[in-house]
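The values are calculated or read from the model by the stated rules, or taken from the named source; none is laboratory data. Just so it is clear, the model here is predicted, and its values are computed rather than measured. With ideal geometry, Cβ positions are generated from the backbone for all residues, glycine too; neighbour counts draw on all protein chains shown.
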Amino acid sequence: MSEAVLPEEETGQKEEKAQVCDVCMHACSLKEGETGACRARRNIEGAVRPVNYGRITSIALDPIEKKPLKRFHPGSLILSVGSFGCNLHCAFCQNHEISQHDGSSVRNYEYTPHELLEIAKRARDEDGNIGIAFTYNEPLVGYEFVRDTAKLVHEAGMLNVLVTNGEANIKILEEILPYVDAMNIDLKGYRDEIYQRLGGDLDMVKSFIKRAAKECHVEITSLIVPGYNGSSGSDGDSRTECVEDMRRQAEWIASVDRSIPLHITRYFPAFCEKMPPTDTALMKELKDTADRYLEYVYLGNV
């Protein structure tokens, strides 16, 4: 005779159901109280929520060129804000103190969207600030705060900038696009294996760039890191592969819009990566390669 199965209420046991986060490629399956790979989203009472909502780790009034944006309101200042968390794990991250930590291990302060707007407005009146840039960590792991704040900024007649790795599903991008005026999007390489090492998805970034470029001003940054997307030495094959990757990358960007500015940026040792800085001759060769396809190519940190 088979054993009777009692309802959950009678056994006193309730199966814990995991919730899937739909923000990025990780699609983390989270049980109650668990936090995703980004360190910023958690299953709270059966729903995946951003635990970094309104938690600001960094705030500064920056030149717009520092984002970097070369062809969007040049010469202006913008209020830059960042939180904590990121859905990539780059060994060479320059902001690892906040991007690779959660709220318990990095100092942060709470701001509402309205409070942040008031700071931006005061900076406008006193210093000519044009709006808010969501930057420093990966803003889209807490896209809800970006959306809510950016909406208020637009209503106040100011501008919004997003500095992102582009690792987000299109449905998330659609939520913020109506309120974003410009983006700088990282393109960390043009081979799947590069993104696999970083925990990312190249196709997701490419889709993100193509969609964003239809609605707002987009510029792209590629940090050239030896051993990843840059030659790791004098090896001729490695250098040739690096240049060929840039050729393919620039050709693809041009297929989206050849007027999209590309920032080719020199790496310096940071976080866990101790390789020497990128060879300057290689940087110039990469720029020459990209120049054949794109209208605006800039070297950074050279």
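Listed by position, the helices (runs of 4 or more DSSP H) enclosed by segment 200-302 that each have at least 3 residues that are closer than 29 Å to MET25 by Cα and at pLDDT 95 or above are 202-212, 236-257. Restricting attention to segment 250-289, the residues being of a type outside the set (D, E, K, R), touching a strand residue (DSSP E or B) at 6+ places or on another chain (Cβ under 9 Å) and within 16 Å of ASP186 (Cα to Cα) number 10.
Out of the residues in segment 83-121 that are farther than 21 Å from THR265 by Cα, small (Gly, Ala, Ser) and modelled with pLDDT of 95 or more, which is surrounded by the fewest Cβ atoms within 10 Å (Cβ to Cβ)? It comes out as ALA120.
Going by what's in this entry, would VAL146 be described as surrounded by 24 or more Cβ atoms within 10 Å (Cβ to Cβ), under 15 Å from ILE220 (Cα atoms) and touching a helix residue (DSSP H, G or I) at 6+ places or on another chain (Cβ under 9 Å)? Judged against the criteria, VAL146 is not a match.
Taken as a whole, the structure places ALA254 among residues that are surrounded by fewer than 18 Cβ atoms within 10 Å (Cβ to Cβ) and either under 29 Å from LEU77 (Cα atoms) or not hydroxyl-bearing (Ser, Thr, Tyr) (or both). When we screen GLU285, GLU295 for residues that are among the acidic types (Asp, Glu), over 18 Å from TYR228 (Cβ atoms) and surrounded by fewer than 19 Cβ atoms within 10 Å (Cβ to Cβ), the only hit is GLU295.
One line per residue, one yes/no per condition, for (1) out of contact with any helix residue (DSSP H, G or I) (no Cβ under 9 Å at 6 or more places or on another chain); (2) surrounded by fewer than 19 Cβ atoms within 10 Å (Cβ to Cβ):
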{"site": "LEU187", "(1), (2)": "no, no"}
{"site": "TYR195", "(1), (2)": "no, no"}
{"site": "LEU198", "(1), (2)": "yes, no"}
{"site": "LEU202", "(1), (2)": "no, no"}
{"site": "LYS206", "(1), (2)": "no, yes"}
{"site": "ARG211", "(1), (2)": "no, yes"}
{"site": "VAL218", "(1), (2)": "no, no"}
{"site": "TYR228", "(1), (2)": "no, no"}
{"site": "GLU244", "(1), (2)": "no, yes"}
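For ALA133, the stated conditions do not hold, so it cannot be described as farther than 20 Å from ARG41 by Cβ, among the aliphatic types (A, V, I, L, M) and surrounded by fewer than 17 Cβ atoms within 10 Å (Cβ to Cβ). Scanning segment 120-171 for residues that are over 20 Å from LEU69 (Cβ atoms) and among the basic types (Lys, Arg) returns LYS121, ARG122, ARG147, LYS151, LYS171.
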